[in-house]
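Values in this text are rule-based calculations from the coordinates and carry no lab data. Fair warning: this is a prediction, and the values are worked out from it, not measured in the lab. Note that each Cβ is placed from the backbone with ideal geometry, even for glycine, and that neighbours are counted across all protein chains shown.
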Amino acid sequence: MMDDINAPPFSGLGGSVLFGQNYFSRAQIVVNQGGTSSGKTYAIEQVLFCLACQTAKLVITVVAQDVPNLKAGALRDALNIYQQSEALQNAMKNFNKTDRVFEFTNGSIIEFKSYDNAQDAKSGKRDYLFVNEANGISWDIYHELALRTRQRIFIDYNPNTGFWVHEKLIGQPHVQLIISDHRHNPYLDQSVRDKIESLKKDDLELWKVYARGLTGKITGLIFNNWYLCNQIPDDARLIAAGLDFGFTNDQTGCLLVYRQNGELWVNELFYETGLTNADIADKLKACGVNKTTEIIADSAEPKSIEDLKRMGWHVTGAKKGADSIKNSIDILKRYKINVTRTSINLRNELNRYIWRVDQSGKTINQPVDKWNHLIDPLRYVALNKLKVGGEGNKIKSRLPFVPRPRSSAGIFEQMIG
Ligand SMILES: Nc1ncnc2c1ncn2[C@@H]1O[C@H](COP(=O)(O)OP(=O)(O)OP(=O)(O)O)[C@@H](O)[C@H]1O
Ligand SMILES: [Mg+2]
């Protein structure tokens, strides 16, 4: 049992079993593999806050794939933890929003960073390192950071497939593996648990990874034709907005789709539960969507479409049809799809969108009906606004016509004449 000296100072934080496991670990590297919402990120950050308060002048680095990932994940959780703990607020001198650094009165800091490459990761040293969603970070970057970490490394991820953690770390004597899932997180609503468990009927492999935290072999992603971009090019032409209605358990998802140079450019606008139609209208306005912009929406909700139309929005129901899901996927697969870095939820969905597998293990022509509240609106835009033939894959291989020389019947004439 913990004694007073080692006891974490913020029992008021409400630590889960994962918190204890991480806090009392003496391993050099603590690997937190787990299903979704098991409380990994939250617990590790609580540990980091405790460490920063307990020891003066510590440098703690939290790293994620990029800044949007930090903002939507580790940094947001850290701010929640901070706001919920008075003890923590008393120990904190300042939060530097621009540089994303928590500064403590005892001189410790927790910095939130992302690194472009291994060279970039060579800058700075630290006492503790937290690698959030480590499968988004290359071994090279991790390795450079690890070399410059004095005390302990925490790692977390959902194990979609094996990667460098499995190949190079797990099984080593100085590495502790903790596997968790939503059942280890006492702070979760039943509806979230039910949603996670319902993966079982959709896809066993997804269930294994996201509901049980076991290493999967999630292969066969439907879209492998998408790439990250920093912004929508200035000369890209807006095709339409896509909108999927949700409410209690499902998010309402909205995005804008543009075209430039035969490629699609997509930017997520919002992704939230609990939005009424009036809220959606406010969100559209706040995101700068014009009332003349066509919004292709889920036609299963005619009442919501009519509501928005009466508020002056240019909303059209997505075309329906027996094969509309398969057709729209086929259309989208013909394009190079550029997704803005800030479209975190769309990126997550694209990384999880797979074909269903039947009882015998055979892939069927139906996507798993989960994590598609931004992919569906993207499909709606494809159905209504993009040609079935697609122009994204038009290969301009035909040479320009050159008239045959008339005068000399030389080798050219002999060859093709
Ligand atoms: N100690 C806690 N006190 C209060 N709420 C908590 C605590 N731990 C977890 N939660 C809640 O559970 C949610 C899920 O936790 P967290 O984001 O840490 O899970 P995760 O395992 O990192 O999930 P993912 O793998 O999807 O990133 C948090 O957003 C928070 O609302
Ligand atoms: Mg997490």
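Observations, loosely collected:
- Bridging of residue 200 to lysines at a Cα separation below 29 Å is possible for 40, 208, 217, 320, 326, 333, 362, 370, once same-chain residues fewer than 8 apart are set aside.
- Point-charge dipole on Cβ atoms (K/R +1, D/E -1) for region 226-385, about Cα centre, debye to 20: 420
- Highest average first, the peptides 200-209, 278-287, 252-261 ordered by how many other beta carbon atoms sit within 10 Å of their residues are 252-261, 200-209, 278-287.
- Of 142, 227, 157, the one that fluctuates the most in a GNM where the chain has Cα springs shorter than 10 Å: 227
- For residue 336, the aspartates and glutamates whose Cα falls under 16 Å of its own Cα, not counting residues fewer than eight places away in the same chain, are 263, 391.
- Counted charge near residue 65, where neighbours are those whose Cβ lies closer than 12 Å (Asp, Glu -1; Lys, Arg +1): +1
- Shown in residue order for region 339-355 are the 3J(HN,Hα) couplings computed by the Karplus curve 6.51 cos²θ - 1.76 cosθ + 1.60 at θ = phi - 60°: 10, 5, 4, 6, 7, 4, 6, 5, 4, 4, 5, 4, 7, 10, 7, 10, 6 Hz (x for Gly and Pro).
- Each Lys and Arg adds +1 at its Cβ and each Asp and Glu adds -1 at its Cβ; summed about the Cα centre, the chain shows a dipole of about 1220 debye.
- For residue 57, the aspartates and glutamates whose Cα comes closer than 15 Å to its Cα, not counting residues fewer than 8 places off in the same chain, are 103, 111, 127.
- Bridge type composition, the chain - antiparallel percent by DSSP, nearest 5: 40
- Seen from every direction in turn and averaged, the convex hull around the alpha carbons of the chain projects onto 28.9 nm².
- Across region 48-166, the relative contact order, built from alpha-carbon pairs under 8 Å that are at least six residues apart, equals 30 percent.
- Relative contact order %, region 290-331, counting alpha carbon pairs below 8 Å whose residues are six or more apart: 42
- Looking at region 11-188 alone, DSSP beta bridges between its own residues are antiparallel in about 20 percent of cases.
- Each Lys and Arg adds +1 at its Cβ and each Asp and Glu adds -1 at its Cβ; summed about the Cα centre, region 11-188 shows a dipole of about 380 debye.
- The chain: calculated mean residue ellipticity at 222 nm from DSSP helix runs of at least 4, using -39500 (n - 2.57): -8500 deg cm²/dmol
- GNM top mover of 121, 43, 64 - the chain, alpha-carbon springs below 10 Å: 121
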